[in-house]
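Notes to accompany the following structure.
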Amino acid sequence: MSPPGWPARLADGPVAVRPLRVRDGPVWVEVRRRNGDWLAPWEATPPGMTGIRIGWAQRQTLGVYSQMLRGLRRAARTGTALPFATTYGGALVGQITVSTIVRGAFNSGHVGYWVDQGHAGRGITPTALALVVDHCFGPVGLHRLEANVRPENSASRRVLEKLGFREEGMHRRYLAIDGQYRDHVGYALTTEDIPEGLLHRWHATRSVERQQ
């Protein structure tokens, strides 16, 4: 029996999210290798592992992708993760993963994302994230989603702020990045924050931006 809301394919115009596939591997590797300087400063690493940008390409391989995909699929089957590929015009350009899903009274999860630098600034990630949030608060049945971002990651923070995620505070030495535990800013949304749906809010925000 599949967990609530999984698998799922969601779309809004040319932007879509869908489950990651085995055959995505070569494109995933190519995009990740090409985006080393863009992605490496924000990537989680084991404590003590320094210089993540050194040898970045050697860590973006089909073997790494296959191992990651196996782990994410196991988590998806148990209902503790939702691993989505982000696509634009059908081409894989990024990834959104809802992880650490906990049911019961908490009924919450964490969301993380990345996008190809060449596709940044087009509204792809906010649209994809809005699709995923609405799906989590609908068919998946979650109550809260949290995103944690390094204070220096202005691009990622803009995505969350555009969508109206609430800044909840600073988490000191929250996650190991590039060999050290780094501070992160916590953002969150609950179902009560967006009764109209996040995609509806995002469309309204973009409409206002275009008129200015």
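The values are calculated or read from the model by the stated rules, or taken from the named source; none is laboratory data. What you are looking at is a predicted structure, and each value in this text was computed from that prediction instead of being measured. Methodologically, a virtual Cβ is constructed for each residue, glycine included, from the backbone with ideal geometry; neighbour enumeration extends over all protein chains shown. These accessible areas exclude ligands, DNA and RNA; they are computed on the full protein's heavy atoms, side chains included. Shrake-Rupley method; radii C 1.70, N 1.55, O 1.52, S 1.80 Å.
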query = Within the range 164-199, can you find the residues that are open to solvent by 50 Å² or more (accessible area, probe 1.4 Å), hydrophobic (A, V, I, L, M, F, W, C) and in contact with an Asp or Glu (Cβ under 7 Å, 6 or more places away or on another chain)?
reply = Met170
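Could you identify the single residue in Val159, Val208, Val140 that is open to solvent by 70 Å² or more (accessible area, probe 1.4 Å) and among the β-branched types (Val, Ile, Thr)? Write out each step before concluding.
Values: Val159 fails: open to solvent by 70 Å² or more (accessible area, probe 1.4 Å); Val140 fails: open to solvent by 70 Å² or more (accessible area, probe 1.4 Å).
The match here is Val208.
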query = Do we find a residue being part of a helix (DSSP H, G or I), loosely packed, with under 15 Cβ neighbours inside 10 Å, among the acidic types (Asp, Glu) and at pLDDT below 95 anywhere in the range 21-30?
reply = no
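Among the residues of the range 42-50, are any modelled with pLDDT of 95 or more and small (Gly, Ala, Ser)? Can you show your working first?
Taking the range 42-50 and keeping what is modelled with pLDDT of 95 or more, we get none.
The answer is no; no qualifying residue exists.
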key: strands (runs of 3 or more DSSP E) (entirely within the range 76-161) containing at least 1 residues that are within 15 Å of the chain's Cα centre (by Cα), of a type in the set (Asp, Glu) and farther than 22 Å from Val31 by Cβ   = 144-149
query = Name the residues in the range 60-115 that are touching a residue at least 60 places away in the same chain (Cβ under 8 Å) and hydrophobic (A, V, I, L, M, F, W, C), would you?
reply = Ala76, Leu82, Phe84, Ala85, Ala91, Leu92, Val93, Ile96, Trp114
message = Just the residues that are under 13 Å from Pro26 (Cα atoms) and exposed (fewer than 13 other Cβ atoms within 10 Å of the Cβ), please, taken from the range 63-75.
response = Gly63, Ser66
inquiry  = I need every pair where a residue in the range 154-169 that is more than 16 Å from Thr191 (Cα to Cα) has its Cβ under 8 Å from the Cβ of a residue that is part of a helix (DSSP H, G or I) and modelled with pLDDT of 95 or more, sequence separation at least 6 or different chains.
reply    = Val159/Thr125; Val159/Pro126; Val159/Leu129; Lys162/Pro126; Lys162/Trp202
message = Please verify whether Ala147 is of a type in the set (Gly, Ala, Ser), under 27 Å from Arg74 (Cα atoms) and either touching a helix residue (DSSP H, G or I) at 6+ places or on another chain (Cβ under 6 Å) or open to solvent by less than 20 Å² (accessible area, probe 1.4 Å) (or both), treating the condition exactly as stated.
response = yes
